[in-house]
Structure formats: structure tokens, C-alpha cells
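The values are calculated or read from the model by the stated rules, or taken from the named source; none is laboratory data. Keep in mind it's a predicted model, so treat the numbers as computed, not measured. Reconstructed Cβ throughout: ideal geometry from the backbone, glycine too, with neighbour counts over all protein chains shown.
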Amino acid sequence: MKLLFDTQLLIWAANSPERLPQKAEKLAADLTNELFFSAASLWEVSIKYGLKRADFQVNPRILYQGLIANGYQEIPVSSFHAVAVNDLPVLHKDPFDRILIAQARTEEITLLTCDTKIGEYSSSIMLV
């Protein structure tokens, strides 16, 4: 299964693995799954790390290096993804989350999240 981790799950995996939901941990450990991260997540981390937000205290460069070292594949943000945001109902207003949802849908990848608001988008989403 192709799995796109949302930004919060990536931060927990890198910085606070004890907070990572067991289901997400199990899916990540399953070698038959392909793990992905979005360039949008690193953009979000870079912005919020630079603002010194307490919930984003992971260096984006170190996060990127760790993701690559652990076999995650990057999904760049394309114009196709940006336009696909327009097709989403406005259930969630966070632009970073909306691009992740659009990427999951257009790339036919399952987005893993523990955000129940994101979970309201039924297709391509797995709550963990």
C-alpha cells in the first residue's frame, strides 16, 4: 500500500516516536508498504519551525534527511495538485492539509492522519 504521512505524523515519527499512533507505527514498519512525504509538509515545518512554534520543534533539514534515510519517497507539489485543491469541499481550511488531501487523491495514495477533520474527506484518507 502507498502511504502518505501527514505533517504531524512525520514530526512525531522523527521527534516524539512515543506519540506516534500504534497503527501508524505498524503500517510504517510493514516492508510491503511504500512510505511517502510531501514537499508541502517540509514547507509547513520550515515556516512553523522558523516561527518557533512549540509544536514544530524539529529542524526541517534534519527531518528531510531522516525521511530519506528511512526510505520515505518525496512527492513534490505540482500545479496539478494545486488545481485539485479546488475540487475539495471546504471541510478543512488549513492550506497545507488541503494540498496533502489533493495529493493523496490525485496520486492514488492513502493519506495517514490522526486529524479527524481531515478524516471527513472519505476517499484516500486513513485515520490512525
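Please go through the range 28-57 and give me each residue that is within 16 Å of Cys114 (Cα to Cα) and either under 14 Å from the mean Cα position of the chain (by Cα) or of a type in the set (Ser, Thr, Tyr) (or both), ordered by number. Once the filter is applied, which keeps residues that are within 16 Å of Cys114 (Cα to Cα) and either under 14 Å from the mean Cα position of the chain (by Cα) or of a type in the set (Ser, Thr, Tyr) (or both), the range 28-57 yields Ala28, Phe37, Ser41.
When the range 1-45 is limited to residues that are touching a residue at least 60 places away in the same chain (Cβ under 8 Å) and hydroxyl-bearing (Ser, Thr, Tyr), the one that is farthest from Glu107 (Cα to Cα) turns out to be Thr7.
Taken over the range 71-98, the criterion of being among the polar types (S, T, N, Q) and under 15 Å from the mean Cα position of the chain (by Cα) is satisfied by Gln73 alone. Of all residues in the range 46-61, those that are surrounded by 18 or more Cβ atoms within 10 Å (Cβ to Cβ) have Cβ atoms under 9 Å from Cβ atoms of residues that are among the basic types (Lys, Arg), 6 or more apart or on another chain, in Phe56/Lys48. From the residues in the range 6-45 that are assigned to a helix (DSSP H, G or I) and of a type in the set (Phe, Trp, Tyr), which one is surrounded by the fewest Cβ atoms within 10 Å (Cβ to Cβ)? Per the criteria, the residue is Trp43.
Here Gln22 meets the list (1) polar (S, T, N, Q); (2) touching a strand residue (DSSP E or B) at 6+ places or on another chain (Cβ under 8 Å); (3) closer than 18 Å to Val128 by Cα almost entirely, failing just condition (2).
The combined condition, being of a type in the set (S, T, N, Q) and within 15 Å of Leu9 (Cα to Cα), is not fulfilled by Ser79. Scanning the range 112-121 for residues that are under 15 Å from Arg98 (Cβ atoms) and either touching a helix residue (DSSP H, G or I) at 6+ places or on another chain (Cβ under 8 Å) or surrounded by fewer than 16 Cβ atoms within 10 Å (Cβ to Cβ) (or both) returns Thr113, Asp115, Lys117, Ile118, Glu120, Tyr121. Within the range 74-90, does at least one residue satisfy the condition of being part of a helix (DSSP H, G or I), at pLDDT 95 or above and under 20 Å from Val128 (Cα atoms)? No, every residue in the range 74-90 fails to be part of a helix (DSSP H, G or I), at pLDDT 95 or above and under 20 Å from Val128 (Cα atoms). For the range 63-95, give me the residue count where each residue is surrounded by 12 or more Cβ atoms within 10 Å (Cβ to Cβ) and β-branched (Val, Ile, Thr). Counting residues in the range 63-95 that are surrounded by 12 or more Cβ atoms within 10 Å (Cβ to Cβ) and β-branched (Val, Ile, Thr) gives 4.
Just checking, does the range 49-67 include any residue being of a type in the set (Asp, Glu) and under 22 Å from Met1 (Cβ atoms)?
The answer is no, given that none of the residues of the range 49-67 is of a type in the set (Asp, Glu) and under 22 Å from Met1 (Cβ atoms).
The condition of being under 13 Å from Ser41 (Cα atoms) and part of a strand (DSSP E or B) holds for only one of Leu111, Leu67, Leu63, Leu100, that being Leu111.
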